[in-house]
1. From the backbone phi of segment 266-279, what are the Karplus-calculated ³J(HN,Hα) couplings (6.51 cos²θ - 1.76 cosθ + 1.60, θ = phi - 60°) in whole Hz, Gly and Pro given as x?
2. Out of the total accessible area of the chain (probe 1.4 Å, heavy atoms of protein only), what percent is carbon and sulfur?
3. At 37 °C and a viscosity of 0.692 mPa s, what translational diffusion coefficient does Stokes-Einstein give for segment 31-156, taking Rh as the Kirkwood radius over Cα pairs? Give it in µm²/s as a whole number.
4. Based on the alpha-carbon gyration tensor of the chain and its eigenvalue square roots a ≥ b ≥ c, which shape applies: rounded if a/c is under 1.5, prolate if not and a/b is larger than b/c, or oblate?
5. Quick one: accessible surface of Met174, probe radius 1.4 Å, all protein chains present, in square angstrom to the nearest 10.
6. Going Cα to Cα from Lys137, which lysines come in below 22 Å? Please leave out same-chain ones fewer than 8 positions away.
7. With no solvent and one equal point scatterer per Cα, compute the Debye intensity ratio I(q)/I(0) for segment 346-500 at 0.08, 0.09, 0.20 Å⁻¹ and report its log10, rounded to two decimals.
8. Would you pull out the residues with amide H under 5 Å of Glu135's amide H, same chain only if 5 or more places away, H placed 1.01 Å from N?
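The values are calculated or read from the model by the stated rules, or taken from the named source; none is laboratory data. Since we're looking at a predicted model, the values are computed, not measured. Calculation scope for accessible area: heavy atoms of the full protein, side chains included, ligands and nucleic acids excluded. Shrake-Rupley method; radii C 1.70, N 1.55, O 1.52, S 1.80 Å.
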Amino acid sequence: MADGTSFYITTPIFYVNDAPHIGHAYTEVAADVLARWHRQAGDPTWFLTGTDEHGQKILRTATANGVSPKEWADKLVSESWYPLLDTIDISNDDFIRTTEERHETNVQLFLQRLYDAGFIYTGEFEGYYCVGCEEYKQESDLVTGTGEYVGQPVCAIHSKPVELLKESNYFFRMSDFADRLLALYEERPDFVQPESARNEVIQFVRQGLKDLSISRSTFDWGIKVPWDDTHVVYVWFDALLNYITAAGYGSDDEAFAKRWPATQIVGKDILRFHAVIWPAMLMAAGLDVPQRVFGHGWLLVGGEKMSKSKLTGIAPNEITDTFGSDAFRYYFMRAIAFGQDGSFSWEDLSARYQAELANGFGNLASRVVAMITRYFEGVVPPEGEPTEADLAIRAAVAAAATDADVAIERLAIQDAITSIWRIVDDLNGYITVQEPWVLAKDEEQRERLGTVLYTAAEGLRALAVLLSPFMPKATETLWTALGGADALGPLTAQPVRDAGTWGQLPAGTTVNGLEALFPRIEATNE
Ligand SMILES: [Zn+2]
């Protein structure tokens, strides 16, 4: 937020070594909801995602598949990663691949600047390396293997043996930055979030930092070190720089100044890279550190972290083919507190789909549009003098809009959607109590009937606007049904921070028929 209002958000860039699973999609959706919210609030917004294509792991996978690493990356990006973004409706502004020239050139520029400033030296290094993590491991990060690897030291994340490597490498003087990092965490308590993640990072840095080996000479799939082409840049050092090379570092200073620093969403397993190494690199280069680094939790399936290597990976389209992309987006944002681990189950997904989306929201929308069609020939009636019940709905809508915006500022996505959903619940209760179908039988109650249906329609107007960042397709359908596009313009142009202001949908607007927003699902995935 360099100028106080702009919003630059990033996801981690994903390794192209395998196909996307729902854990990746979860991260993308969270960042997308935040980006769409800010865009709809009128904040200059820029949303970056991409792929990490260098390193030994990719080289090995490509070789095993009989292709060059670049061919491997091209194939995975076009067949898996771009389609993922369509599958779950991601509105990214840019997609960076670390094999692009705009990235490689400016990684070299960055490195050369650090070298010239004396932050890089030559040294010997020996340690246990996990190729899965692309990281040297401390002894405390290792556990004793079981099964196939019984008795061997294995990576705690990958459950696979580590390799003892010895290299002559270039080192980044990261140890110089421990005090400055601790001061940063102190001065800006929201720099690392959530709180549990922040505490862990502080504990880690308090133990002191070692210098970081930032080059490799045992393989050549990477960006060449500019002053020594027998070395390639360590893949993490290369990958982290995507957040600035894509934003214009080295190529478009004006764009870079506007965008950087970013809000950075990462999985908690890579939090240290983003909350320790990354700000130290930026400090060394004299650049701003990120706006904030948020470590979200893991998705658990049957109690285990979602990952393809553990065979619990579920492809996002397995869910969207049945439930649709909106339900996917809603489910993960609603069911899991952002920042904590969350369990995925088909049963929970099906239950929430039926209760909350189909019966709660979808049915509400269908009934209200149908009653306006039946009782007022499809024209939104004017509202008369409001009763206490009507005023309660107005107050609920205003409160939901305010609470949701405050929650989004805190990156508390689940709180935001929970606040908005109070409108759904309150409107359903309101209609049950007001019984418009009874009012419709009495000509004397014509004005009252109009007030009730106006209140319901205007509540739906607010819901469409507020839920648009979460469920872009269903809300677009609802917007059309409400006649919103003709009366008020495109849905995504409705300022989300004004959504709680009552009375925006003009009486006299013509509604259109509404198919079920969330159709009944017959076959269940058991
Ligand atoms: Zn590992």
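1. Values per residue, Gly and Pro as x: 9, x, 5, 5, 10, 5, 4, 4, 8, 9, 10, 5, 4, x Hz.
2. Working: 10300 of 21270 Å².
The C+S portion of the solvent-accessible surface of the chain is 48 percent.
3. Values: Rh = 18.5 Å.
In µm²/s, the coefficient is 177.
4. On the way: a/c = 2.52, a/b = 2.07, b/c = 1.22.
Cα axes put the chain in the prolate bin.
5. In the full protein context, Met174 sits at about 10 Å².
6. Leaving aside lysines fewer than 8 places away in the same chain, those within reach of Lys137 are Lys57, Lys160, Lys166, Lys210, Lys268, Lys305, Lys308, Lys310.
7. One equal scatterer on each Cα of segment 346-500 leads to -0.22, -0.28, -1.34.
8. HN-HN under 5 Å from Glu135: Cys130.
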